Amino acid sequence: MTAAAGTDRSTGVIQPTFTGRHWWRDAVIYQVYVRSFLDSTGDGIGDLAGVRAGLPYLRKLGVDGIWLSPFYPSPQHDHGYDVAAYQDVDPLFGDLAEFDLLMSAARRLGIKVLLDIVPNHCSVEHHWFRDALAAAPGSPERARFHFAAGRGPDGAEPPNNWHAMFGGSAWTRVTEPDGTPGEWYLHMFTPEQPDWNWRNPEVPAEFEGVLRFWLDRGVDGFRIDVAAGLYKHPDLPDSDDPDVDARTRDSVNPLAWNQPEVHDVWRHWRTVCDEYAARDGRERLLVGEVSVPTAREHALYVRPDELHQAFFFDLLGAPWDADAFRKVISEAMEDIAGTGSTVTWVLNNHDQVRTVTRYGGPSTEGSGLGAARARAAALLMLALPGAAYIYQGEELGLPEVVDLPDDQITDPIFRRTGSRARIRDGCRVPLPWSGQASPFGFTSGAAGARPWLPQPDYFAEYATDRALADTRSFWHLYRDGLQLRAALPQLGEGVLRWLDRQPGVLAFERGDGLVCAVNFSTAPVPAPVSGTPLLSSGPCPAGVLPGSTAAWWLSDQ
């Protein structure tokens, strides 16, 4: 591995610093939210056998790998992100034998498999936390978590003023074994998700065992939940600005996130993955969910001896504006690719409003403008150097379900805050596969089986069978883009060179002659390249780039 280069500001060329070929560097990974992908048992909840049944569909789409949301034993207070046991499968989703069948099927189809690992917190039902509740203050069992005495009269106030990301205080008081009010424990998400104390050596040792358990079963790597978390300030002091910290789901408390010691964890995990790669030549990937304020801080997590990649969320959060997109892409290429890693681009995931709705404004079914912009954004992302992650259903153009009844909402954010703002159920509604009415082929078994979240009637328009039959669908756009990305040497890794363009247009060249342009305005403009596009997100006559449209050209054709 060698590093050299960066950005030539005189030409606008951004050249990654890494030479060498590794599968993950320009891979396209499909995020499978297991609960909502495909149900094989008829209980209305997706499962591992359903994922296995859907693998040929994903192979046809053309992705390189899948990332599976947590399927470990869990009371499901946060849909699996409250893990009760890290080395098993919840019966809701199958068992270890079914997991092994899934791995074998994926291997036969050439699909990599990444698991979602949750090292910042566990479930209140984890046996170590149950041991902590049964033990006394100051005990070794409690030292695995963050227990502290309360403040104020009789310790009735939380130890500090930190807020949880899902609303409310980050502390919950326990009742001691003798029945008296006792210490408080820290949970940066919900009370059902106590945070681990990574300063206790038992915790990192336990997680090394978890990594090895799944690596021994053949997985290709891990998506790491809350990768900027884990370590808290050792003194647990008050935050200077608790009102800012109260912004739900923002990792803004510097006392609880992005502590310097966390980098030592990723260095160690990298050595574990490299050890397995040295045995059989198969690289194992570590990709982190890293929420930090700047691309420069993000880059620290993907230095050569730490995580291979970390999701770059700034593109997802950028407003629909050519200058805003250019700014975040340039910063990512300069700061992140400058480390020798590649940028990991995302437009959506299981925590975000779906792109069709996000780009089009709130609507039950999304809008034509939102769909056009989402299609254009997909082609833009697939043309950028580095890796790309696609959230399930984006390839169908699914809109956000914004009108779920209150009594159907399961998101703990709603339970904690009473507000529908920023709830995540709308992007987690089970996929429609076929038919004209719910469950749209999602669930099998007994007649009348109901998906765990209700599917709206209009999902019939987005069902997979219809998408496959319609060459103008989102699915075919993604499939065609993935096929070209795999076939054209200009795409994947390599040079990005910005091109002169008129206001409202973003244009760049990849490699030798592949041009991508996106018209962020609603009015047509002259195309940057003459001739018919190789691929476009909508109708695109020669010489014209319509509004809210992206296109690829080979400039030497």
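So is TRP552 at pLDDT 95 or above and in contact with a Cys (Cβ under 6 Å, 6 or more places away or on another chain) or not? Before you say what the answer is, go through the steps one by one.
Values: at pLDDT 95 or above: yes; in contact with a Cys (Cβ under 6 Å, 6 or more places away or on another chain): yes.
Yes: the conditions hold for TRP552.
Specify the residue that is surrounded by the most Cβ atoms within 10 Å (Cβ to Cβ); the eligible residues are those in the stretch 249-301 that are touching a strand residue (DSSP E or B) at 6+ places or on another chain (Cβ under 7 Å) and of a type in the set (Lys, Arg).
This residue is ARG284.
Here is a yes/no grid of residues against (1) within 28 Å of LEU380 (Cβ to Cβ); (2) surrounded by 16 or more Cβ atoms within 10 Å (Cβ to Cβ); (3) charged (D, E, K, R):
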| position | (1), (2), (3) |
| --- | --- |
| ALA437 | no, no, no |
| PHE442 | no, yes, no |
| PRO451 | no, yes, no |
| PRO456 | no, yes, no |
| PHE474 | yes, yes, no |
| LEU477 | yes, yes, no |
| LEU482 | yes, yes, no |
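Yes/no per residue for (1) among the hydroxyl-bearing types (Ser, Thr, Tyr); (2) under 22 Å from PRO237 (Cα atoms); (3) surrounded by fewer than 16 Cβ atoms within 10 Å (Cβ to Cβ):
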residue: HIS126; (1), (2), (3): no, no, no
residue: LEU133; (1), (2), (3): no, no, no
residue: GLY138; (1), (2), (3): no, yes, yes
residue: PHE145; (1), (2), (3): no, yes, no
residue: ARG151; (1), (2), (3): no, yes, yes
residue: GLU157; (1), (2), (3): no, yes, yes
residue: ALA164; (1), (2), (3): no, yes, no
residue: ALA170; (1), (2), (3): no, yes, no
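Would it be correct to say that PRO541 is in a loop (DSSP other than H, G, I, E, B) and without any contact (Cβ under 8 Å) to a residue 24 or more places away in the chain? Let's see the steps before the verdict.
Details: in a loop (DSSP other than H, G, I, E, B): yes; without any contact (Cβ under 8 Å) to a residue 24 or more places away in the chain: yes.
Criteria met by PRO541.
Please state which one of LEU468, LEU431 is surrounded by 20 or more Cβ atoms within 10 Å (Cβ to Cβ) and either in the same structural domain as ASP78 (by TED's automatic domain parsing) or closer than 30 Å to GLY340 by Cα (or both).
Values: LEU468 fails: surrounded by 20 or more Cβ atoms within 10 Å (Cβ to Cβ).
The conditions single out LEU431.
Within the stretch 158-183, which residues are under 25 Å from SER419 (Cβ atoms) and not in a loop (DSSP other than H, G, I, E, B)? Break it down into steps so the answer makes sense when it comes.
Taking the stretch 158-183 and keeping what is under 25 Å from SER419 (Cβ atoms), we get 158, 160-173.
Result: HIS163, SER169, TRP171, THR172, ARG173.
Starting from the stretch 511-529, keep only residues that are on the phi > 0 side of the Ramachandran plot, then list their pairs with residues that are outside any loop (DSSP other than H, G, I, E, B) whose Cβ atoms are within a distance under 8 Å, requiring at least 6 positions of separation or different chains.
GLY513/LEU554
Restricting attention to the stretch 451-459, does a residue exist that is without any contact (Cβ under 8 Å) to a residue 24 or more places away in the chain and not assigned by TED's automatic domain parsing to the domain that holds GLY42? Spell out the reasoning first.
Residues of the stretch 451-459 without any contact (Cβ under 8 Å) to a residue 24 or more places away in the chain: 457.
The next check asks that each one be not assigned by TED's automatic domain parsing to the domain that holds GLY42; those that pass are none.
No, the conditions are met nowhere in the stretch 451-459.
Test of understanding: among VAL544, VAL515, which residue is touching an Asp or Glu at 6+ places or on another chain (Cβ under 9 Å) and aliphatic (A, V, I, L, M)?
Within the list VAL544, VAL515, the selection yields VAL515.
The values are calculated or read from the model by the stated rules, or taken from the named source; none is laboratory data. What you are looking at is a predicted structure, and each value in this text was computed from that prediction instead of being measured. Glycine also receives a Cβ, built like all others from the backbone with ideal geometry; neighbour counts cover every protein chain displayed.
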